[in-house]
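See below for the structure under consideration.
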Amino acid sequence: MAEPTTKPTDADVRGFLDAATPARRRKDGLALADVFHEVTGVDPVMWGPSIVGYGSYRYVSPSDPRRQGDWPKTGFSPRKARLSLYGLKDLPEGAALLPSLGTFTEGAGCVYVRTLDDIDLDVLRRLIAIAWGRGDDAAG
């Protein structure tokens, strides 16, 4: 089985966020870092080259139990086209609350947001708290 490519690194989170483009993505990324830190109470860690992650848990693929590894409990990436938010819809309570977030689209494992102005930050805080409270605490 191949080694997962997305794993914690020693890369500088603030440096990554300061380098995000365009400027709006940089501004939103820095604001997200504040919100995620406020809710989780922990400092972020870079997962791979582009995900700002908080905590971790052990996942096992429901379709193939041999596929497993560590993943951030929650996190985000200020990608050029839109913000990617991780862990918000993985648990039933988060999935039920997600429609209250605002304007977003969904990917297989994340929620995409064009700008923070499109979402309710109080709902985001609740979604982060739900993701943060998941069991199987591997590192945070």
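Values in this text are rule-based calculations from the coordinates and carry no lab data. Keep in mind that this is a model prediction, so the values were computed, not measured. Methodologically, a virtual Cβ is constructed for each residue, glycine included, from the backbone with ideal geometry; neighbour enumeration extends over all protein chains shown.
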- Exposure proxy ranking, count of Cβ atoms within 10 Å, fewest first, for Thr40, Thr21, Thr9: Thr21, Thr9, Thr40
- At R0 = 30 Å the Cβ-Cβ FRET efficiency linking Thr103 and Gln68, nearest 0.05, sits at 0.35
- When the chain is fully extended, how far beyond the present Cα-Cα distance does Tyr112 get from Ala129, taking 0.36 nm per residue of separation? 4.3 nm
- Item | Average Cα contact separation per residue, the chain, under 8 Å, 6 or more apart, as relative contact order % | 24
- Message: Just to check I understand the Karplus step: with θ = phi - 60° and J = 6.51 cos²θ - 1.76 cosθ + 1.60, what whole-Hz values come out for the stretch 127-132, glycine and proline as x?
- Response: 5, 4, 4, 4, 5, 5
- Around Thr74, which amide H atoms from residues at least 5 apart in sequence, or from another chain, sit under 5 Å from its own amide H, with H modelled in the peptide plane? Tyr54
- Item | Asp12-Asp43 pseudo-label distance in nm [points 7 Å out on the Cα-to-Cβ vector] | 1.3
- Query: Taking a quarter of the surface of the convex hull around the Cα atoms of the stretch 1-75, what do you get in nm²?
  - Reply: 5.8
- Note on the structure: Computed over all unlike Cα pairs, the Kirkwood hydrodynamic radius of the stretch 13-132 in Å stands at 14.4
- Highest GNM mean-square fluctuation among Asp64, Asp117, Asp28, for the chain with Cα springs under 10 Å, belongs to Asp64
- Task: Would you please put 49-62, 69-82 in order of how densely packed they are, using the mean number of other Cβ atoms within 10 angstrom per residue and starting with the highest?
- Result: 69-82, 49-62
- Taking only Cα atoms and a 10 Å spring cutoff, compute GNM fluctuations for the chain and point out the largest among Leu97, Leu17, Leu124. Leu97
